[in-house]
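Quick note: the coordinates plus some simple rules give every number you see, no bench work behind them. Since we're looking at a predicted model, the values are computed, not measured. Quick reminder, even Gly has a Cβ in these numbers, built from the backbone with ideal geometry, and neighbours come from all protein chains shown.
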Amino acid sequence: MKLTLLLTTVIAPVLLAAGAPNFGARKASIYPANVQEASVLLENLRTDALQINDDATELRQSAVADSDGWEIQAAVLQNIKDRINDMGYKLNNLDAIQGAALPWQRQALRRAAPEVQSMAGSTVSAIDYIAQNPHYLFSPEYASLQSELSIQSKQLSDLLGKYQDWSKERAKDVQLSQVQRVSKND
């Protein structure tokens, strides 16, 4: 599968996920628990994206406040990298159960994976920049990397939020139709 190839050959190596548990060995079964698990994983991905957006804001603020604060920048970037690694694990979990997931959950996975990949690339570029230019945090290049990371995390959060909102509305519609059906049978 193209998505599995993306997750295993592109995202995992970029994220430096050595020692990660092997989630690919799981077999999907068609149970509501997998649908619930997929929803929780997608919600957690959104939470991670929101936190990365906050961290990217902190990057921009600390670069402006202290030009010698490369240690702060490096620590925040390490937090972002760790969170993106965690997102990679969640994507692997979603990939493992996607056969039992609802169509909207599979679509969210397909759309989220490239976004996480882009965030991983921006994070690696920012880490490389700090390593090579620790005392030049005001450069347009570094500011661009920070902005990219902020924009990418916001886009992912918004994307996953739209799927969650749609799912909630759909669940309300289903409940309403069930109530109407029961009322007609009485």
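The number of residues in region 97-135 being within 27 Å of N34 (Cβ to Cβ) and touching a residue at least 40 places away in the same chain (Cβ under 8 Å) comes to 21.
From the list Q105, Q146, the one residue that fits, being polar (S, T, N, Q) and farther than 17 Å from E58 by Cα, is Q105. Whenever a residue of region 147-171 is within 28 Å of V76 (Cα to Cα), its partners that are surrounded by 12 or more Cβ atoms within 10 Å (Cβ to Cβ) and of a type in the set (S, T, Y), lying with C-beta atoms within less than 7 angstrom and at least six residues away or across chains, give the pairs E148/S122; L149/S122; L149/T123; S150/T57; Q152/S118; Q152/S122. Given the condition touching a Phe, Trp or Tyr at 6+ places or on another chain (Cβ under 7 Å), under 19 Å from L159 (Cα atoms) and hydrophobic (A, V, I, L, M, F, W, C), answer yes or no: does some residue in region 91-105 qualify? Scanning region 91-105 turns up at least one residue that is touching a Phe, Trp or Tyr at 6+ places or on another chain (Cβ under 7 Å), under 19 Å from L159 (Cα atoms) and hydrophobic (A, V, I, L, M, F, W, C).
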